[in-house]
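The values are calculated or read from the model by the stated rules, or taken from the named source; none is laboratory data. Everything numeric here is computed off the predicted structure, so don't read it as measured data. All Cβ positions, glycine included, derive from the backbone under ideal geometry; neighbour counts span all protein chains shown.
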């Protein structure tokens with residue numbers, strides 16, 4: 001057993017007197033040492049770079065979609081401000097590189113700029129000015145475009161995807177296509193385009209995208225069939241363990257979920273069901289689960305028209321929870 005170290009014995013001889021001059025010198029040196037150890041951090045006075053690649057696209061008679069490329073900063077960009085005619089109209093977080101400006105006058109030319117800011121309050125110079133002319137109002141048009149078809153998703157590295165689809169049709173004309181991820185609009189392109197490049201994704205993550213067509217009267221088509229994509233994982237990261245081929249349907253006050261469990265090398269007996277990003281329940285098989293596709297049905301009491309975004313994840317053999325599936329959105333009937 002290790003014994004405690006002995007306490008040092010005090011020197012029984014009297015302490016020597018310190019001359020006043022030596023004492024003053026020691027005090028000065030001590031103060032100098034303290035002051036040099038507490039150097040204040042330099043104040044951040046450098047503004048972020050100017051946002052580049054700014055574009056503005058009119059999607060209807062009252063909306064314009066503004067996009068830009070990320071600015072940089074010697075520390076970190078914390079947000080962006082969007083200006084219309086020189087007046088700030090939106091403050092956005094640093095993770096947002098696009099926004100819809102709504103409530104605009106029809107058939108009018110609008111000008112937009114973007115500025116970046118950092119945590120110290122430094123603001124970049126305005127970006128180059130971009131313009132977009134809103135479409136003429138067509139309030140009598142109540143017919144939505146047809147549904148875009150043949151949506152395909154192609155990964156572009158680990159943080160981006162290129163989407164392609166076949167054009168929709170409209171009784172007047174399609175003015176914009178809106179890209180949705182988990183029932184949230186994340187991107188807009190002009191009605192003449194049938195491709196979109198989505199950035200800011202996470203490596204090794206399952207996503208599902210849908211596209212809607214829109215006309216000048218703000219009529220939107222139904223969602224296209226979803227296109228699933230798992231981004232390329234980071235180097236050295238484990239393979240994705242998300243359930244695949246998730247399908248969700250609604251009928252007579254209940255929702256049915258069907259999926260293919262991940263291949264983990266052992267039967268998957270537990271799945272977590274999440275609704276709108278929140279844990280809802282754990283699906284447990286008391287015996288060996290059936291091979292192939294799995295199905296689970298649960299009741300809902302929400303009024304018709306309520307929308308849910310559904311995701312699943314499986315419990316792995318080591319007891320941890322795997323990756324989330326690509327989401328599916330369903331409307332209660």
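Miscellaneous remarks
Conditions (1) at pLDDT 95 or above; (2) farther than 18 Å from residue 166 by Cα; (3) within 14 Å of the chain's Cα centre (by Cα), marked per residue:
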{"residue": "178", "(1), (2), (3)": "no, no, no"}
{"residue": "181", "(1), (2), (3)": "no, yes, yes"}
{"residue": "185", "(1), (2), (3)": "no, yes, yes"}
{"residue": "190", "(1), (2), (3)": "no, no, no"}
{"residue": "197", "(1), (2), (3)": "no, no, no"}
{"residue": "201", "(1), (2), (3)": "no, yes, yes"}
{"residue": "204", "(1), (2), (3)": "no, yes, no"}
{"residue": "209", "(1), (2), (3)": "yes, no, yes"}
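- Of the numbered criteria (1) over 22 Å from residue 162 (Cβ atoms); (2) buried (at least 20 other Cβ atoms within 10 Å of the Cβ); (3) modelled with pLDDT of 90 or more, the one residue 216 fails is (3).
- Residue 279 meets all of the listed conditions (1) within 28 Å of residue 231 (Cβ to Cβ); (2) out of contact with any strand residue (DSSP E or B) (no Cβ under 6 Å at 6 or more places or on another chain); (3) part of a loop (DSSP other than H, G, I, E, B) but one, namely (3).
- Those strands (runs of 3 or more DSSP E) of the stretch 134-242 in which 3 or more residues are over 24 Å from residue 66 (Cα atoms) occupy 149-155, 227-230.
- Enumeration of residues in the stretch 308-327 that are in contact (Cβ under 8 Å) with a residue 24 or more places away in the chain and either assigned by TED's automatic domain parsing to the domain that holds residue 185 or over 16 Å from residue 209 (Cα atoms) (or both): 312, 313, 314, 315, 316, 317, 321, 322, 323
- Enumerated strands (runs of 3 or more DSSP E) restricted to the stretch 58-107, each holding at least 1 residues that are touching a residue at least 12 places away in the same chain (Cβ under 8 Å), surrounded by 17 or more Cβ atoms within 10 Å (Cβ to Cβ) and touching a strand residue (DSSP E or B) at 6+ places or on another chain (Cβ under 9 Å): 64-69, 77-84, 98-101
- Considering the stretch 108-127, and only residues there that are in contact with a strand residue (DSSP E or B) (Cβ under 6 Å, 6 or more places away or on another chain) and part of a loop (DSSP other than H, G, I, E, B), the residue that is modelled with the lowest pLDDT turns out to be 119.
- Candidates 27, 10: the one that is modelled with pLDDT under 90, surrounded by 10 or more Cβ atoms within 10 Å (Cβ to Cβ) and not in a strand (DSSP E or B) is 27.
- Matching residues, the stretch 179-222, being closer than 23 Å to residue 247 by Cα and without any contact (Cβ under 8 Å) to a residue 12 or more places away in the chain: 184
- Residues that are out of contact with any strand residue (DSSP E or B) (no Cβ under 7 Å at 6 or more places or on another chain) and either on the phi > 0 side of the Ramachandran plot or surrounded by fewer than 17 Cβ atoms within 10 Å (Cβ to Cβ) (or both) within the stretch 147-166 comprise 157, 158, 159, listed in sequence order.
- Applying the criterion of being farther than 29 Å from residue 263 by Cα and in contact with a strand residue (DSSP E or B) (Cβ under 9 Å, 6 or more places away or on another chain) to the residues of the stretch 287-304, the residue that is surrounded by the fewest Cβ atoms within 10 Å (Cβ to Cβ) is 304.
- Only one of the numbered conditions (1) on the phi > 0 side of the Ramachandran plot; (2) touching a strand residue (DSSP E or B) at 6+ places or on another chain (Cβ under 7 Å) is violated by residue 265, and that is (2).
- Contacts under 9 angstrom Cβ, first residue in the stretch 161-178 being outside the structural domain of residue 192 (by TED's automatic domain parsing) and within 10 Å of residue 148 (Cα to Cα), partner surrounded by 22 or more Cβ atoms within 10 Å (Cβ to Cβ) and at pLDDT below 95, 6 or more apart: none
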